[in-house]
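Worksheet: one structure, shown below.
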Amino acid sequence: MRHSTWLWFSFMNAANLYDNVPIRTFTARGEIGHITEGLGMPQWLALIVFGVPTAASMWYLFARTLLSALTRITPCPMMLGRL
């Protein structure tokens with residue numbers, strides 16, 4: 001696969017996690033809401049358990065993946081020295 005395909009694949013996965021976990025945890029009809037209701041667990045626990053991997057994936061996307069893609073797209077000497 002090309003690098004741009006991996007970039008968009010990881011971006012869409014991180015965006016889907018961000019959409020589901022922090023936003024839909026406290027709604028009754030969201031996916032995480034159904035999980036918490038089915039398992040009988042508090043919504044705050046689900047936010048912590050699922051929120052930590054979501055935050056880690058968002059950090060990895062912005063700190064690693066997008067910077068790596070930037071150096072492949074525009075190999076500027078100033079940018080290569082910073083990474």
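All of the numbers you see were taken from the coordinates with simple rules; none came from a lab. Just so we're clear, the structure is a prediction, and the values are computed from it rather than from any experiment. Cβ: placed from backbone, ideal geometry, glycine included. Neighbour counts: every protein chain shown.
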>> Looking at the range 33-46 only, could you name the residues that are surrounded by fewer than 11 Cβ atoms within 10 Å (Cβ to Cβ) and in a helix (DSSP H, G or I)?
In response: Gly38, Leu39
> If you go through the range 23-32 one residue at a time, do you hit one that is small (Gly, Ala, Ser) and in a helix (DSSP H, G or I)?
Replying inline: no
